[in-house]
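Below: one structure, written as structure tokens.
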């Protein structure tokens, strides 16, 4: 295998998670070890930082602070939602990226994100290849949605799932405290895949979970929903706890959240969601005449690093460091994936999959895991998800508050 | 001092907290030790359980499960919002309470709650005295609002404050991730007292706090608010983080949340709040034309036991056990209060205050602690609040999820 000497460039993209910075730490720590690596750059705001040559010099950071990234939520270098145009339509961005890569002698490029980011990563990889610019490109997976194809699960999912299950148990205790009846409708993130909403069912293993769970994998019917809630309300003195995905749609494909507002769309053309709990709470209040409380887990579910899964943090870190190792070994045009081993105790191996195969393919919850006439989740899901949320992070504190990484963020002079 | 032999009765009342069950544990564990105590009853749904003779036999519980109450959020025996009518208007409930106390030989009564609950406790205490029924009555303080008079702080507040500060830091990281600008408006609980909203300012000590904080202690002016946000938006590329109390009112005394909906009122006549973040987000979006995200900490802030303050958990437990000790020593008609010692390291003593003095007096944030033209919180608040949120709870887990107490809840046969 040919040894390739040059600079490493790393970027973060898409929605934040509790552990995306753990992957960054993995990339940086591993890259800093290698003699082949001349520079370690962090792009500010992902692809935008590349286009605008906004780089941080990661060699200037203290190792101890880089390691604190493991417990620092969100994307410390800044994230971006920027869609590269199709090459055949507009080559401008691609040319610019090649120009910047050449200027900084970037020979290793790591992009950390979900579906859209892997699409970006794939496009860049293919373009550089077509121009015979030698650069090893690796995708590092990340998404609380857990919807990336080809990997057992995605870094970020487990910590969000642990937040959802833990908080659901706490909320269960709270909303069952009065004898006067309360319907609580909790909205969980997940655009097209219900993995995170399904995680609410883990709370049921401890007797403190939702009575009804609705995933976006099935068409949502408001009348059936009202009937489902009515039935539970009768059995449980109007105390009903519901978990619902933000992305539920009716059989015409219309988002239920759209029933209230016109939807805004992000730059990938995805509908910007939120508010479905509020919409459904209004309907239940009107139809059943009971007290209803809508709750959104909002940003908290994706940045709740204080309740992160240790397994997730370690795997996210390893995903970053393995990406660097694989690239240094000569691999390119791949994403790091997790393969669950067929062992008694939970174990994964870190493998690779072609970026082509990953990009823009969404992995949803198997329909056979959705039970109870579309309102429950099967034991198979618990068997799948429980190992992922194990382990308590040794979360560093200072004055009783989180001690996040304090990076110097030394800017690289533009060439 | 005369020794009094008889049954102990304990009830929980008002809104749940992360540590109200810790006080219950304190009461039960201490009561179970004493030879003077013939029975230990837990009232189901507070005062309603007394009126309806719905008691649990706490002597039937395992000690290990009672101790797990220290880490089990919300009110395990069930809570209630029930207002005793003024005695001169209707004696029915009072007569019934006396009847039940006599029937079960209740000689020790502990009521755990906030302002309204202390009013209830006080009324019962005075009525029993007027009827020469010997019973030692003690209030055990509880409220995330921290608005009880005569105590340095209230059990429940610190854990909620820790949730607010920690989550605010995490949200700060999340909502500053894009370079496209986002105004985030976070709504924090607190009807008339801004203690909990002020806790968001602790996140500023770590550089990850809100730009603007609004407490209910000051009249809220929507035009000034728009100006404040506009100013920060100009300085910070439209990235603005705001913490706002659910209870803010305009100078006519009208809740800002009322601007959108008609308010429902609870049985104490308090307006049921929520939605102010949504109201203000709509205004900002319209006036500034920027992206805005409203966030409600909702039930999570008061039941987030997984991030509870160890100091709070221990103090809540001690508040319960001290109430029992004081009552056994002959004290009655008091509430347990915390007095901060004038020592270098944080230390409190557990004292008592007449129920008369506590009931229905609200303690609000000193106006001189509100700085920066009504948008900031002074260092005095940090000095006050920081010691309270210290310590990490040894939170028991099972399968990676909280291991809450599992009580048998053996019902006492009605006499």
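Each reported figure results from applying straightforward, stated rules to the coordinates on display, with no laboratory input. Treat the numbers as computed from the prediction; the structure is a model and nothing was measured. Glycine also receives a Cβ, built like all others from the backbone with ideal geometry; neighbour counts cover every protein chain displayed.
Some points to look at:
- Rh (Kirkwood; distinct C-alpha pairs) - the protein assembly as shown, Å: 28.0 Å
- Relative contact order of chain B, defined on C-alpha pairs under 8 angstrom at six or more residues apart (%): 24 percent
- For chain A, the longest principal axis of the C-alpha atoms and the axis of helix A:92-103 are separated by about 50°.
- Multiplying the residue separation of residue B:4 and residue B:52 by 0.36 nm and subtracting their alpha-carbon distance yields 14.7 nm.
- Spin-label model distance (nm) - residue A:221 vs residue B:397, 7 Å beyond Cα toward Cβ: 4.1 nm
- Annotation: the residues A:195, B:369, sorted from fewest to most other C-beta atoms within 10 Å of their own C-beta, follow the order B:369, A:195.
- Using C-alpha pairs below 8 Å separated by at least 6 residues, the relative contact order for region B:98-182 is 22 percent.
- Förster radius 25 Å - calculated FRET efficiency between residue B:361 and residue B:34, Cβ distance, rounded to 0.05: 0.20
- Ordered by the count of other Cβ atoms within 10 Å of each Cβ, fewest first, B:352, B:189, A:168 give B:352, B:189, A:168.
- Full-extension gain in nm, residue B:410 to residue B:126, via 0.36 nm per residue minus C-alpha separation: 99.2 nm
- Highest-MSF residue in chain B out of B:139, B:181, B:46 [GNM, Cα springs under 10 Å]: B:181
- With Cα atoms, 0 to 90° folded angle of helix A:157-175 axis to chain A main axis: 30 degrees
- Distance from the C-alpha centroid of region A:322-336 to that of region B:31-87: 60 Å, rounded to the whole angstrom.
- Angle in degrees between helix B:115-130 and the longest Cα principal axis of chain B, rounded to the nearest 10: 20 degrees
- For region B:1-25 and region A:195-219, distance of Cα centres in Å: 35 Å
- Annotation: the residues B:4, A:87, sorted from fewest to most other C-beta atoms within 10 Å of their own C-beta, follow the order A:87, B:4.
- When both region B:369-415 and region A:224-261 are represented by their alpha-carbon centers, they are found 32 Å apart.
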